[in-house]
Amino acid sequence: MFDLVRNTLHKTETNTNEDKLKVFLNVYDMLQPSFITKLGHVLGIGIYHSGIEIGEHEYCFGGHDYEKVTGVFIVRPKSGLQGLLFKQSINMGYTNLTRQQVDKILKDISKEYSGTSYKLLTRNCNHFSEDLCKRLTGKTAPGWINRAAKLGTMFPCVIPTEWIEPPDANGNGILL
């Protein structure tokens, strides 16, 4: 009898998850492989881009100079941006929100993350991904994804000035 109840509960849980939207955190290496990047990975330091995959879309954030225009854009999952190397996809679980609620969150977060609000060390793609992931699943991104930015805020003198300026919008994704 206990096995029947346990199997029924498991089946209900599985059916419930089938109706939910799965959330992935996709991570890309921003530097081409070299001895230094491999050493950095061993030490737990890398320079990464990330986006949140929901269904057939991946939502990312980047900077540009256009006032009052979102910096949130959509790409094909795991394709990232030109010049970035896909590193891994982290399963962040399911969201308990409906598709309509997720769409509302995407609309709201797109207003909050304008292209001119991008800051390499304090408001970058990884900050956006973590914020969106928290809103969808309640979970945070692993700390190593944005470790370089955290170190950069502690030691800003080691960051080249040209890295701190927002990148140009290059049309690799679709703005929301």
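Note on the range 65-93: among residues that are touching a helix residue (DSSP H, G or I) at 6+ places or on another chain (Cβ under 7 Å), open to solvent by less than 60 Å² (accessible area, probe 1.4 Å) and outside any strand (DSSP E or B), the one that is nearest to Asn26 (Cα to Cα) is Gly71.
Residues of the range 57-92 that are closer than 17 Å to Ile105 by Cα and of a type outside the set (A, V, I, L, M): His57, Glu58, Tyr59, Cys60, Phe61, Thr70, Gly71, Phe73.
Applying a threshold of 9 Å to beta carbon distances and a minimum spacing of six or more residues, or different chains, the list of pairs starting in the range 56-81 at a residue that is within 17 Å of Tyr118 (Cα to Cα) and ending at one that is of a type in the set (Gly, Ala, Ser) and open to solvent by 40 Å² or more (accessible area, probe 1.4 Å) reads Gly62/Ala169; Gly63/Ala169; His64/Ala169; Asp65/Ala169; Tyr66/Ala169; Val69/Ala169; Gly71/Ala169; Phe73/Ala169.
Of the residues in the range 108-121, at least one is at pLDDT below 95 and open to solvent by 50 Å² or more (accessible area, probe 1.4 Å). Scanning for something hydrophobic (A, V, I, L, M, F, W, C), more than 13 Å from Leu25 (Cα to Cα) and part of a helix (DSSP H, G or I), does the range 94-103 turn up at least one residue? Yes, there is a match, as at least one residue in the range 94-103 is hydrophobic (A, V, I, L, M, F, W, C), more than 13 Å from Leu25 (Cα to Cα) and part of a helix (DSSP H, G or I). Within the range 125-139, can one find any residue that is part of a helix (DSSP H, G or I), over 16 Å from Gly55 (Cα atoms) and either among the hydrophobic types (A, V, I, L, M, F, W, C) or at pLDDT below 95 (or both)? So far as the range 125-139 goes, yes, one or more of its residues are part of a helix (DSSP H, G or I), over 16 Å from Gly55 (Cα atoms) and either among the hydrophobic types (A, V, I, L, M, F, W, C) or at pLDDT below 95 (or both). Would the range 98-107 turn up any residue that is β-branched (Val, Ile, Thr), open to solvent by 20 Å² or more (accessible area, probe 1.4 Å), under 23 Å from Asp19 (Cα atoms) and in contact (Cβ under 8 Å) with a residue 60 or more places away in the chain? The answer is no; no qualifying residue exists.
Does Thr12 satisfy being farther than 15 Å from Phe128 by Cβ, modelled with pLDDT of 80 or more and surrounded by fewer than 18 Cβ atoms within 10 Å (Cβ to Cβ)? Against the criterion (farther than 15 Å from Phe128 by Cβ, modelled with pLDDT of 80 or more and surrounded by fewer than 18 Cβ atoms within 10 Å (Cβ to Cβ)), Thr12 does not qualify.
The values are calculated or read from the model by the stated rules, or taken from the named source; none is laboratory data. Computed from a prediction, not measured in an experiment: that's the story for all the values here. For neighbour counting, all protein chains shown are included, and Cβ atoms are generated from backbone atoms with ideal geometry for every residue, glycine included. Side chains included, ligands, DNA and RNA excluded: accessible areas come from the protein's heavy atoms. Shrake-Rupley method; radii C 1.70, N 1.55, O 1.52, S 1.80 Å.
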